[in-house]
1. Mind listing just one residue for me: the one in segment 88-111 that is open to solvent by 50 Å² or more (accessible area, probe 1.4 Å) and hydroxyl-bearing (Ser, Thr, Tyr) and, of those, nearest to Pro136 (Cα to Cα)?
2. Out of segment 316-342, which residues are closer than 19 Å to Leu383 by Cβ and surrounded by 12 or more Cβ atoms within 10 Å (Cβ to Cβ)?
3. Please give the number of the condition Ile329 fails out of (1) in a helix (DSSP H, G or I); (2) closer than 27 Å to Val66 by Cβ.
4. Which one of these does Ser76 not meet: (1) farther than 13 Å from Ala187 by Cα; (2) buried (at least 19 other Cβ atoms within 10 Å of the Cβ)?
5. What do you reckon, is Leu146 in contact with a Pro (Cβ under 7 Å, 6 or more places away or on another chain), touching a residue at least 12 places away in the same chain (Cβ under 8 Å), farther than 24 Å from Ala396 by Cβ and open to solvent by less than 70 Å² (accessible area, probe 1.4 Å)?
6. Can you tell which of Asp304, Asp225 is of a type in the set (Asp, Glu) and within 26 Å of Val31 (Cβ to Cβ)?
7. Does Leu59 qualify as being assigned to a loop (DSSP other than H, G, I, E, B), touching a helix residue (DSSP H, G or I) at 6+ places or on another chain (Cβ under 7 Å) and of a type in the set (A, V, I, L, M, F, W, C)?
8. Can you run down the residue pairs with Cβ atoms below 9 Å, 6 or more apart or on separate chains, where the first is in segment 36-64 and within 30 Å of Asn26 (Cα to Cα) and the partner is among the acidic types (Asp, Glu) and part of a helix (DSSP H, G or I)?
Amino acid sequence: LILSLIFIWIGNYWLKYTGLITHSGNFAESVPPIPAVAALVLMVALNPLLRRFAKFLSLSQAEIIVVYTMVAIAISMSSIGMVRYFLPVLTAPFYYATPENEYALFNQYLPSWFVVTDKQAIIDSYEGVGMSGSVPWGGWAVPLTLWTLMFIALFWTMLCLVVIFRRRWVEQERLVFPVARFVLEIAGEGQARSLVSPFFKNPYMWIGFGLGFFYNLLNILHAFDSAIPAPGRSFDLGALFTERPWSAMRPISFQYRPEIFGLAYLMPLDVNFSVWVLYFVLKVEAVVTSALGYNIPGFPYVHDQSSGAFLALAIAFFWIARRQLRDVIMKAFGSQTVDDSDEPLPYRVAFFGGIGGFTFICIWCLAAGMSIETVLMYFGLILAFALVYTKIRAEAGAPRQGPRAARAA
């Protein structure tokens with residue numbers, strides 16, 4: 001626990017400057033997070049020495065993975081996709097309110113516990129704190145506390161949902177978990193007397209590391225001096241298609257990053273093939289529509305089609321796992337002898353815990369002013385999408401966020 005807290009503090013200090021101040025990198029949103037990988041490699045490098053000269057300080061493989069997992073989760077919570085998006089939401093409606101945009105019309109419906117209402121705290125968020133240099137956390141205490149309870153309930157509900165599906169995915173469908181395999185390979189147990197971990201003895205690892213290091217080194221040096229040649233990170237295929245209807249397939253680029261090749265190598269061939277084929281199906285849709293004279297802005301509506309696909313997959317997952325769901329429900333009510341001793345949570349806890357977490361979310365949102373229909377639809381979709389996203393991560397490794405990444409995926 002102490003070691004995890006130390007790495008989390010170092011990672012957040014690193015993230016504070018790179019992600020929030022200088023905007024020089026998105027280290028916390030990489031998959032897996034770079035600070036967590038740095039902690040993992042450091043532990044694996046030092047552990048043989050500790051095992052040899054200070055055995056009481058050495059770590060087992062399980063302990064290394066626990067520390068890595070805690071750091072990865074904590075750093076992700078501090079990333080752009082969490083803190084940097086969430087905190088401004090509590091203040092922006094008030095700070096940017098003007099008579100022209102009429103924000104005050106809907107600000108009056110925001111409960112006082114839902115957002116930051118202290119005017120000075122709102123101003124300090126955007127213009128800097130006073131002479132003391134300290135953040136006025138008093139104005140943030142109530143909304144942050146209640147939002148924290150909301151996030152805990154949401155994450156807990158997602159955890160319970162994944163526990164219910166875990167056995168189906170792991171034991172029957174045998175998902176490959178590429179990112180987990182990457183971690184397990186690095187954290188593999190070494191010889192008791194060896195001062196070097198097997199990971200650092202592997203010549204193939206050093207060949208792959210060397211190629212990736214050289215590739216990134218050239219790109220970094222090129223960023224400082226454009227005269228230095230660099231391979232770049234992508235090739236814009238869209239520049240080859242300038243005339244209609246072929247221009248409708250733009251934007252389209254070919255990414256040749258080492259990490260993408262590495263994770264693709266670990267992906268199942270059917271999943272890998274489907275990613276390629278369906279990506280180009282979207283492009284063909286755009287070309288055919290343009291050739292028929294339908295120049296519709298935004299077509300083929302990638303995000304809308306993706307949302308529909310996520311919803312369809314969620315329904316399919318529940319249908320395919322119907323026997324597993326039946327066993328879980330019967331176990332929860334004490335009428336089934338399914339063995340759940342190897343599960344992260346007992347099925348009864350996962351079932352009733354998920355219902356309890358979702359009930360808390362509904363009550364919280366109703367208190368904030370949402371209608372029950374909106375709550376059920378909105379958070380039902382969030383949980384369904386989270387379930388699909390989890391399985392994508394387990395099968396494919398690292399789906400990327402953001403419109404630029406989505407176009408290049």
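The values are calculated or read from the model by the stated rules, or taken from the named source; none is laboratory data. Just so we're clear, the structure is a prediction, and the values are computed from it rather than from any experiment. Cβ placement follows ideal geometry from the backbone for every residue including glycine, while neighbour counts extend to all protein chains displayed. Side chains included, ligands, DNA and RNA excluded: accessible areas come from the protein's heavy atoms. Shrake-Rupley method; radii C 1.70, N 1.55, O 1.52, S 1.80 Å.
1. Going through the qualifying residues, I end up with Tyr95.
2. To start, the set of residues in segment 316-342 that are closer than 19 Å to Leu383 by Cβ comprises 316-322, 324-325, 328-329, 332.
Residues satisfying the conditions are Phe317, Phe318, Ile320, Ala321, Gln324, Leu325, Val328, Ile329, Ala332.
3. Among (1) in a helix (DSSP H, G or I); (2) closer than 27 Å to Val66 by Cβ, the lone unmet condition for Ile329 is (2).
4. So Ser76 meets the others, but not (2).
5. Details: in contact with a Pro (Cβ under 7 Å, 6 or more places away or on another chain): no; touching a residue at least 12 places away in the same chain (Cβ under 8 Å): yes; farther than 24 Å from Ala396 by Cβ: yes; open to solvent by less than 70 Å² (accessible area, probe 1.4 Å): yes.
For Leu146, the condition - in contact with a Pro (Cβ under 7 Å, 6 or more places away or on another chain), touching a residue at least 12 places away in the same chain (Cβ under 8 Å), farther than 24 Å from Ala396 by Cβ and open to solvent by less than 70 Å² (accessible area, probe 1.4 Å) - is not met.
6. Values: Asp225 fails: within 26 Å of Val31 (Cβ to Cβ).
Going through Asp304, Asp225 in turn, just one is of a type in the set (Asp, Glu) and within 26 Å of Val31 (Cβ to Cβ): Asp304.
7. Working: assigned to a loop (DSSP other than H, G, I, E, B): yes; touching a helix residue (DSSP H, G or I) at 6+ places or on another chain (Cβ under 7 Å): yes; of a type in the set (A, V, I, L, M, F, W, C): yes.
Criteria met by Leu59.
8. Pairs found: Met43/Glu63.
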